[in-house]
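Here's the structure, in C-alpha cells; my notes come after.
What follows draws every value from the coordinates through simple rules; no lab data is involved. This is a predicted model, so every value here is computed, not measured. Cβ atoms come from the backbone with ideal geometry, glycine included; neighbour counts cover every protein chain shown.
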Amino acid sequence: MGISNQLKNQHLLWRAGFGPDTVPVDELSSDSNKKLIKAIFKASEKVPAYIDVADPAIKEIYQGMEEMYRQKRQLTEEQRKLVRDRSRDGIRALNLTWLNQMVHSEQQLREKVSLFWHGHFACRTVNIVHQQQLLDAIRRNALGKFPDLLREVSKSGAMLNFLNNNQNRKDHPNENFAREVMELFTLGRGNYTEDDIKEAARAFTGWGSNASGNFVFRKNQHDTAKKKVLGKSGNFNGDDILDILIQHPQTAQYITRKVYRYFVNETENEEQIKWLADRFYKGGYDISALFQDIFTSDWFYDQRNVGSIIKSPVLLIAGIRRAIPMEISNEEVQITLQRLLGQQLFYPPNVAGWPGGKNWIDSSSLMLRLRIPQMIYAEDTLTLKPKDDDDQMMGMKDQGDRKQKMKAFAQKRGGGQVIAATVNWDAYTKLFEKISREKLLPAISSSVLQTSNSVTVSTLDKYIDNSSRENYIRSATIQLMSTPEYQLC
Amino acid sequence: MLLKRKEFLQIGSLATASMMLPKFMKAFEAPHLVPPGNKVLVILQLSGGNDGLNTVIPVRNDIYYKVRPKLGIAPDNALRLTDDAALHPALTGMKELYDNGHLGILNNVGYPNPDRSHFRSMDIWHSASDSDKYVYTGWLGRYLDAQCKGCDKPTQALELDDMLSMAMKGEHIKGLAMKDPRRLFNTSNEKFFREVVKNHQDEHGEQTVDYLYKTMAETMSSADYIFKQSRIHPTSTVYPSTDIGNSLKTIASLIFSDINTKVYYLSLGSFDTHVGQDGQQRRLFTEMNAAISAFVKDMQQNNRFQDVMLMTFSEFGRRVAQNASGGTDHGTANNMFFVSGALKQKGLLNELPDLSNLKNGDLQYSVDFKNVYATLLNKWLGADDRQILGRELSYLDFV
C-alpha cells in the first residue's frame, strides 16, 4: 500500500535524523523523496567539528601524568578533586552540547548514526577527556568505513580502559576486551568459541592508553607467540585480530541486522537484511552506502515500517525540540528527563548498550513521556526524582559541606524543576498559514504523527483551545504530542 | 483550554476512571482477593555497595582490626550477636530481631567472576545473569512473566520509586513504579489521558501502538486500584518521616488490604563510601533501622509478620582493608539480611568471612546469590524458579 509523499518524507526525516524541523507542511508533501535523500547525505558529508568542553586544567593534568608517573609522583588531593568534579561537569556539558547538535545540526544523518554507534560501542567513563575523544572518533567515522571506526574505537583510551585492556599483559591476560570486541562489536554471540577469545586476548596484550587517552603499544607486555583465532594461525597482534573479524562475513550480518532493527523495523525481514549485509560486505563496509541502500529501497517506505519504532528518549526529546523551536533556559532538566526515561547519554546501562524497543516503555516512563509536551507548554513542575547513580557519586556525599552539595545535587537532578522553555510559536504556526481552518486538525495531525491517530476528533476538540487560530494550532499540537501515537516514528 | 495547568491536574472520581477503561481492561477490574496466608516478599536494595564487614563485624578477628585500624568497629561499641560476631551500633532494632529469632544473616554471598563496577554488578544482581552475559530482563520481571501469562495484573510487583528497576522488567510484563499512590493516581487519571485510552479502538494488540495503549490502560487501572487499596487499611503505626519510612508505611497499608501484590521493591543509598564511611553508613543504617523496626512492629500488631519476608542486598561489599580516605573501595562478597516471622533458620545462617583466605584483598564468596533467589521464588512465592532463573539451583534452608 502506498503512503503519501508527505508521510514518506517525514518517515525519512525521523529515521535518518531527529524528525522534521520547522518545514512548511506543503513543502514536505511536494518535495521529491529522491531529492531529499540526496540533500540529507550531502549535508552530512563534512567532517564534524570536535566537541571540546573539557576544562583546560584537567587536560593539563592528564598531559602531565605520564611525566609524574616517571617521577613516581602522584596527584595531590586537590588535583584529584579538581579532576573528579570538573570531569563530571564536563560530561554533563558534553551531553547537552551533543544533544543541541542533534536538534540544530544540518548533519542530521551523521548525528543520528552517531547515536546508534554510541549505543553500539557503549562505554562508561568518568574521564571527560577520554569520553569526548571517543565521541569524536564515532562522529568522524559514523558514515565512513566500519573497519576504520572499529579500529579507532578499539584504540581509544576510553574503551581500552573500560574493557580493562590496560591490564591485559603477556603473563596475565585479561580477556574482557577480546570478548566484547567479538560478542558486541563484530560477530555477535555464538559465532566464536571460548578458545577464540583466549587466543585473541593474547593478541591484544600490550594494547593500552596513556593518561591523555592516546593509544600506546607496550611491547614488553605483548605476547609474540603463535595464536589460533577463528581457524587462522599466526603470530597475531591486535590489528591482525580486527582484520580477521572484519574479513568474517558474520560481522557484516551482525552489524546490518542491528542497523535494520534500529533504522527500519524491530521485526526483522531476513531477505532484506541478507541483501543489505551482502552489499555492505562486498562494498568494503561502507556505512554511508549501507544507509543509501536502506533509504532508497522501496520497502523502507512500506506501511509496516512507518511508525513502527518506539522513539528512544533522546530521539523523543530532540524530536520535540526540532518540531516546536524553543529556548530552554534550564538545559540541565533534559539530563534529568533522559535519566527518568532510561537513556542518559554517556551512561549506557552496560557494555551492551540500550536494548531499545519495548524496553523503553514501562508505566512510569510512558506516563512521563506523555506529560512532557504539556510540561513544556504549561511550565509544569517535574516532581519525579531519578535514582542515584553511584558511579557518578563516588563517595562525594559525605564530604565536608555535605548538605549544601546534596542540595545542589538535588537541584541538578531536577527535584521540583520546571522545564523553563520559551517556545517560538510564531515560527511554528506559520507552517500552517496556507491551510484552511477546517483542514487544520488533519494537517497538524499528519505532520505531528507518523501513525494514524486513533484519538477521535471529538476527543481532541474538547481539549483544543479555540479562542484563536494560533491557540488552536498550539493546543492541537501539544495535544497530539501527548498521545501514545507520538511515541512512535 | 485543557492546556491550563489546573485542568491538566484535575482528578476525576474513582468510579469514572474505571468506567472509562477499554474493554480489554475490564477483566482486570474484577476483584482479586488474596488467598489467606498470602506471602509477600519485600526487597530492600542497599545501593552503592554496602560495607558488609562493618555491618556484621567479626569482633574476634585480628586481621579485621589490623587492616582497618581506623574504620574497624571496636567490640565494645558493636551489638554483640555471638562470641565472634556483632552488628553495627546503629542497628539496634535488627539486634532485637536477632534476639527474637526474626533475623537471618547470610554471609559471603556473591557470584563467580565478580565485577566491581556499580552498574555492572547491580545489573548482574538484577538480571541474575552470569557475569559474562547480558540479559535485559530482571529476575522479578521474569517471575511476573511466569506467573501472569495471559492475566492482566501489573500490580503483582510494585517498586516504591519514580523509576522502575531492571530487576522488575520482564519480557512481557513489567512491574510498576510509584513513590506515592496518590501521586500516581493523579497523573495517570488526567482527563485527557482517560479519554484517549477510552476511545482507543484497536483490540488486536499486535501493533506497537497497541502495546503502548495497553501499558497506558494498565497504568491507569493499576493507579486506581493501588490508590483505593492503600486507603482501605491505612496503618496507624508511626513511621519515621524518611523516604524509606514512608515507603515501608505505604507497603504496610497495601499488605493489610486485599491487593494482589507479591513483591515490593525499594532502595536506600548511597552506600558508596570511598570517603568518610563512618558517618555515611551510620546515617543510612539509622534510617534503615528505624523504618524496619516500625514496619516489623506494624506487621506483628496486625498478625501479618508470618507472611512477610524482607530481604536486603547490595551489588557488592567493600574491600577488606580501609583506604587512605577513611573509607573503603569496591569489593566483592557480602552479607544479606532476611527479616520475617516465618524463618525456618535464624541468626547466623553460615560462617563469617574467612579473612585469611582473600583473593587480591577481596572476600571470596561461598553462596551464590542465585541460590537465594531460587529459594525465595520456590519456597516463598511458590514459583517455578527453574523457568525464571533458567537453571537448576539448590535451595537454602532458612525458608
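Taking Cβ atoms as reference points and 15 Å as the exclusive limit, the residues near B:ASN350 contribute a net charge of -3, counting Lys and Arg as +1 and Asp and Glu as -1.
Cross-linked pairs A:LYS228/A:LYS282; A:LYS8/B:LYS133; B:LYS179/B:LYS370: Cα-Cα separations exceed 30 Å for A:LYS8/B:LYS133. The charge dipole of region B:307-399, taken about its Cα centre with unit charges on the Cβ of Lys, Arg, Asp and Glu (plus for the first two, minus for the last two), comes to roughly 40 debye.
Could you calculate the FRET efficiency of B:GLU171 with A:HIS172 from 1/(1 + (r/R0)^6), where r is the beta carbon distance between them and R0 is 51 Å, rounded to 0.05? According to the calculation, E is roughly 0.85. The calculated 222 nm mean residue ellipticity attributable to helices in the protein assembly as shown amounts to -13500 deg cm²/dmol, summing -39500 (n - 2.57) over DSSP H runs of n ≥ 4 and dividing by all residues. Note on the protein assembly as shown: with charges restricted to the Cβ of Lys and Arg (+1) and Asp and Glu (-1), its dipole about the Cα centre is near 600 debye. A crude spin-label estimate for the pair B:GLN345 and A:ALA49, with each label 7 Å from Cα along the Cβ direction, gives 6.5 nm. Extension gain, B:ASN113 to B:GLN300: 0.36 nm times the residue separation minus the Cα-Cα distance gives 63.3 nm.
Distances between placed amide hydrogens fall under 5 Å for B:GLU159 paired with B:LEU176, B:ALA177, B:MET178, B:TYR265, all partners being 5 or more residues away or on another chain. Shape class for the protein assembly as shown, computed from the alpha carbon gyration tensor (a ≥ b ≥ c): oblate, with a/c not under 1.5 and a/b at or below b/c. Full extension of the chain between B:ARG182 and B:LEU355 gives 57.4 nm of extra length, using 0.36 nm per residue less the Cα-Cα distance. Given A:GLY234, A:HIS120, A:ILE287, which one lies farthest toward the positive end of the charge dipole of chain A, if we put +1 on the Cβ of every Lys and Arg and -1 on the Cβ of every Asp and Glu? Toward the positive end, the furthest listed residue is A:GLY234.
Selection among A:LEU368, A:GLN133, A:ASN165 by position relative to the dipole of chain A gives A:ASN165 as farthest towards the positive end (Cβ unit charges, Cα centre). Loop-located trypsin sites (Lys or Arg not before Pro) in region A:256-322 (DSSP state not H, G, I, E or B) with no more than 16 neighbouring Cβ atoms inside 10 Å: A:ARG304. Here the Karplus relation 6.51 cos²θ - 1.76 cosθ + 1.60, evaluated at θ = phi - 60°, turns the backbone of region A:60-70 into coupling constants of 4, 4, 4, 5, x, 5, 4, 5, 4, 4, 4 Hz, with x for every Gly and Pro. About its Cα centre, the dipole of region A:89-205 is roughly 180 debye, where the only charges are +1 on Lys and Arg Cβ and -1 on Asp and Glu Cβ. Determine the relative contact order of region A:215-367: mean sequence separation of Cα pairs under 8 Å and six or more apart, normalised by residue count, in whole percent. Dividing the mean separation by the residue count of region A:215-367 yields 15 percent. Ordered by the count of other Cβ atoms within 10 Å of each Cβ, fewest first, B:ASP115, A:ASP426 give A:ASP426, B:ASP115.
Across chain A, the mean sequence separation of Cα contacts (distance under 8 Å, 6 or more residues apart), normalised by length, yields a relative contact order of 17 percent. Model label sites at A:SER436 and B:LYS66, defined 7 Å from Cα along the beta-carbon direction, differ in position by 9.3 nm. Going through the cross-link list A:LYS258/B:LYS174; A:LYS72/B:LYS359; A:LYS72/A:LYS198; A:LYS232/A:LYS274; A:LYS35/A:LYS112, which pairs have a Cα-Cα distance over 30 Å in this structure? Correct reply: A:LYS72/A:LYS198.
Using Cα pairs closer than 8 Å and at least 6 residues apart in sequence, work out the relative contact order for chain B, in percent. Numbers along the way, then the final one.
Details: 781 pairs, mean separation 114.3, N = 399.
Relative contact order for chain B comes out at 29 percent.
For B:SER325 and A:ILE3, the FRET efficiency from 1/(1 + (r/R0)^6), where r spans their Cβ atoms and R0 equals 56 Å, is about 0.35. Once you sort the root eigenvalues of the Cα gyration tensor of region A:148-214 as a ≥ b ≥ c, which label holds: rounded (a/c under 1.5), prolate (a/b larger than b/c) or oblate (the other case)? Oblate shape, in that a/c is at least 1.5 and b/c is the bigger or equal ratio.
Is the shape of chain A best called rounded, prolate or oblate, per the rule: a/c under 1.5 gives rounded, else a/b larger than b/c gives prolate, else oblate, with a ≥ b ≥ c the square roots of the Cα gyration tensor eigenvalues? Taking the square roots of the gyration eigenvalues as a ≥ b ≥ c, chain A is oblate. Select from A:ASN33, A:TYR62, A:SER44 the residue farthest towards the positive end of the dipole of region A:29-73; place +1 on Cβ of Lys and Arg, -1 on Cβ of Asp and Glu, and compute about the Cα centre. Of the options given, the answer is A:ASN33. Placing a pseudo-label 7 Å from each Cα along the Cα-to-Cβ vector at A:ASP89 and A:ASN33 gives an inter-label distance of 5.0 nm.
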